Amino acid sequence: MAKGAFFLAIAFAAAPGFAQVLGPDAAACRPGAGQSAVLVSVNGFKERTGRIRVQLYRANDEFLARGRYLQRIDLPVSGGAGPMRFCVNAPAPGRYAIAVRHDVDGNGSSGWNDGAGFSRNPSLSLTRLRPNVNAVAIDVGRGVTPVNVVLNYRFGLSIHPVRG
């Protein structure tokens, strides 16, 4: 069993009509929690299959370095429409970056059909799959910092969000 699956999804409803907040740190995004946290809304799913991984990095040379993430949430993609929302606890106020990966077939390996996105939604291309850390860095203070991430997928020789 994967470590992230062990925690399953600890969820709560933020308000009536809103998507649940997922992940083991969900309570950190509740009003008045008093912690530093990032509320990540992931949008633009190509398919509602597989697994979604949300990772928090320091906004420095450790960004996207293997095993250097600070927090990681790895859960099955939920059915239905709309965004999936994750709460990621930050160790303290500071400068961070969010990376999201949608493993469409859930096999645990990166593939051409998988999607990805980052905080601040930089443009990606086949020659630039990894954005510069300065293009994705966000400032996280005490409390909850909302971040919207739009997933990008490969379509032929280009990478872009799903067009509705």
Item checked: trypsin sites (Lys or Arg not before Pro) restricted to region 77-152 and DSSP loop, no more than 14 other C-beta within 10 Å -> R142
Notebook entry, point to check: What spacing in nm lies between the two simple spin-label points modelled at A81 and N113, each 7 Å away from Cα in the Cβ direction?
Noted result: 2.3 nm
Note to self: Can you work out the Karplus-derived ³J(HN,Hα) for every residue in region 138-148? Use 6.51 cos²θ - 1.76 cosθ + 1.60 with θ = phi - 60°, whole Hz, and x for glycine or proline.
What the structure shows: 10, 9, 10, x, 6, x, 9, 9, x, 9, 9
Item checked: R48 versus L157: modelled label distance in nm, points set 7 Å from Cα along the beta carbon direction -> 3.5 nm
Notebook entry, point to check: Where a ≥ b ≥ c are the square roots of the eigenvalues of the C-alpha gyration tensor, would you call region 88-130 rounded, which needs a/c under 1.5, or, failing that, prolate if a/b is larger than b/c, or oblate?
Noted result: oblate
Checklist line | For region 96-164, alpha-carbon Rg and Dmax in angstrom | finding: 13.0, 42
Notebook entry, point to check: Plugging the Kirkwood radius over Cα pairs into Stokes-Einstein for region 57-118, at a temperature of 4 °C and a viscosity of 1.567 mPa s, what D comes out in µm²/s?
Noted result: 96 µm²/s
Checklist line | Percentage relative contact order, the chain, counting C-alpha pairs under 8 Å, at least six apart | finding: 27 percent
Next item on the list: Give me the percent of DSSP beta bridges within region 11-164 that run antiparallel, rounded to the nearest 5.
Entry: 75 percent
Notebook entry, point to check: Using helices alone, what [θ] at 222 nm do you get for the chain, with -39,500 (n - 2.57) per DSSP H run of 4 or more residues, divided over all residues and rounded to the nearest 500?
Noted result: -1000 deg cm²/dmol
Notebook entry, point to check: If you take the Cα atoms of the chain, find Rg, then find the Kirkwood Rh from the mean of 1/r over all pairs, what is Rg/Rh?
Noted result: 0.94
Notebook entry, point to check: How large is ³J(HN,Hα) for each residue in region 21-29, as worked out from phi by the Karplus curve 6.51 cos²θ - 1.76 cosθ + 1.60 (θ = phi - 60°), to whole Hz, x for Gly and Pro?
Noted result: 9, 10, x, x, 9, 3, 5, 5, 9
Checklist line | Point-charge dipole on Cβ atoms (K/R +1, D/E -1) for the chain, about Cα centre, debye to 20 | finding: 160 debye
Next item on the list: Could you run the Karplus curve 6.51 cos²θ - 1.76 cosθ + 1.60 with θ = phi - 60° over region 124-135 and give me ³J(HN,Hα) per residue in whole Hz, x for Gly and Pro?
Entry: 10, 8, 4, 9, 9, 7, 10, x, 5, 4, 5, 6
Next item on the list: Would you mind checking which residues have amide H under 5 Å from H160's amide H? H placed 1.01 Å from N; only 5 or more apart, or other chain.
Entry: Y153, F155
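Coordinate-derived values only; no laboratory data. Owing to the predicted nature of the structure, the values given are computational and were not obtained by experimental measurement. A quick note on method: Cβ atoms are made from the backbone with ideal geometry, for glycine too, and the neighbour counts reach across all protein chains shown.
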